[in-house]
Each structure stands twice: as structure tokens, then as C-alpha cells.
Amino acid sequence: MKLVFAIVNSDDSQAVGKALLKAGFYATKLASTGGFLSSGNTTFLTCIEEERIDDLIEVIRQKSHRRTKTVPNSTPLNSGVELPVEVEVGGATIFVTDVERFEKL
Ligand code: 2BA
Ligand code: 2BA
């Protein structure tokens with residue numbers, strides 16, 4: 001078994017959650033916060049058989065979209081003016097780890 005962590009933009013998390021359920025995946029949703037933008041995102045944890053990982057990632061890919069966010073620039077110009085910068089965020093950031101043991105009691 002593998003544990004998939006999928007960090008999804010908050011704007012996509014409802015669509016991702018629905019699609020996972022529709023495709024028969026079990027998941028746990030955690031409310032999380034991006035360290036850089038300090039804005040909310042959603043982390044889906046799914047424990048699944050290794051051979052189903054690609055199907056899971058495909059479902060998440062279809063519902064997650066890349067978008068740009070404008071954020072204040074922490075390094076002001078010589079003039080002291082702080083020009084906002086654009087940062088590209090999402091679709092989803094996914095990590096897969098091994099699971100030593102999986103039980104439902
Ligand atoms: P945030 O940390 O809020 O990052 C939002 C976006 O800001 C990132 O989008 C990336 O484009 C940019 N960014 C983040 N850290 C940066 C840095 N140190 N220098 C320059 N730009 C930076 P994504 O890469 O799509 O990441 C979206 C969210 O996924 C992140 O939100 C974070 O919560 C998570 N994430 C991404 N990569 C991760 C990693 N290697 N480990 C843990 N969490 C990660
Ligand atoms: P359980 O299987 O006992 O799961 C209880 C909670 O444990 C789940 O809450 C979820 O948060 C977590 N969980 C279970 N299996 C997981 C896994 N493989 N990976 C990550 N987290 C896992 P809910 O999602 O609210 O589900 C409540 C109950 O609804 C489940 O009880 C199960 O009986 C049923 N269920 C959930 N997803 C289903 C699905 N895709 N198809 C059919 N039944 C589902």
C-alpha cells in the first residue's frame with residue numbers, strides 16, 4: 001500500500017473531493033496552509049494499492065488548475081516602491097510514500 005499526499009488549491013478542493021468519491025477512492029481531507037503564500041489549501045490523504053496510483057493522480061489532475069496569484073514583493077525597489085509579483089500556484093502537489101501497515105479496526 002502507498003500513502004498519497006495531494007496538496008490542492010482551495011478553489012479546486014471541492015471538485016477534487018467529489019471526483020475522488022465518484023471514482024471510488026477513499027480519502028481524508030486536511031485543512032492546510034501554504035508556507036509561502038500563507039493561504040489555505042487542502043491536503044488529501046489517500047491510502048491505496050500501488051497499481052491504482054496513476055488513476056488517482058489522473059482524477060486529481062483533471063480537477064486541479066494552475067493559476068497565478070499576485071503577492072506583495074518582499075524586496076522593494078531602490079525607490080522604496082514595492083511592486084507586486086505574480087506567483088504560479090497549483091494544480092496539485094503530490095507526494096507518494098510507502099505504508100508499512102494498513103488496518104481498519
Ligand atoms: P505555498 O507554499 O503557499 O506556495 C504557493 C506558490 O508559491 C507555489 O506554488 C510556488 O509557485 C511559489 N513558491 C512557494 N515556495 C516558494 C519559494 N520558496 N520560492 C519561490 N516561490 C515559491 P506550488 O509549487 O504549486 O505549491 C502550492 C502549494 O503546495 C504550496 O503553497 C505548498 O503548500 C505546497 N507545496 C508545494 N511544494 C511543496 C513541497 N516541496 N513540500 C511541501 N509542500 C509543498
Ligand atoms: P471507513 O472506511 O471506516 O473510513 C472512515 C474514515 O477514515 C473516512 O471518512 C476517511 O476519513 C478515512 N479513511 C478510510 N479509508 C481511507 C483511506 N484508504 N485513505 C485515506 N483515508 C481513509 P469518510 O471518507 O467520511 O468515510 C466514511 C465511511 O464512508 C467509510 O468508513 C466507508 O464506510 C464509507 N466510504 C468512504 N469512501 C467511500 C467510497 N469511495 N466508496 C464507498 N464507501 C466509502
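Every read-out reported here was derived from the displayed coordinates using simple, explicitly stated rules and does not represent laboratory data. From a predicted model like this one, the values you see are computed outputs, not experimental measurements. Positions of Cβ are generated from backbone atoms using ideal geometry, with glycine treated the same way; all protein chains shown enter the neighbour counts.
Residues that are more than 17 Å from the chain's Cα centre (by Cα) and more than 16 Å from ligand 2 (Cβ to nearest atom), at least 1 per element: which strands (runs of 3 or more DSSP E) completely within the chain meet that?
Values: elements: 2-9, 28-33, 40-48, 67-71, 85-89, 92-98.
Output list reads 67-71, 85-89.
Of all residues in the range 33-58, which are under 18 Å from Glu88 (Cα atoms) and surrounded by fewer than 19 Cβ atoms within 10 Å (Cβ to Cβ)?
Pass one, the range 33-58, residues under 18 Å from Glu88 (Cα atoms): 33-42.
The answer is Thr33, Gly34, Gly35, Phe36, Leu37, Ser38, Ser39, Gly40.
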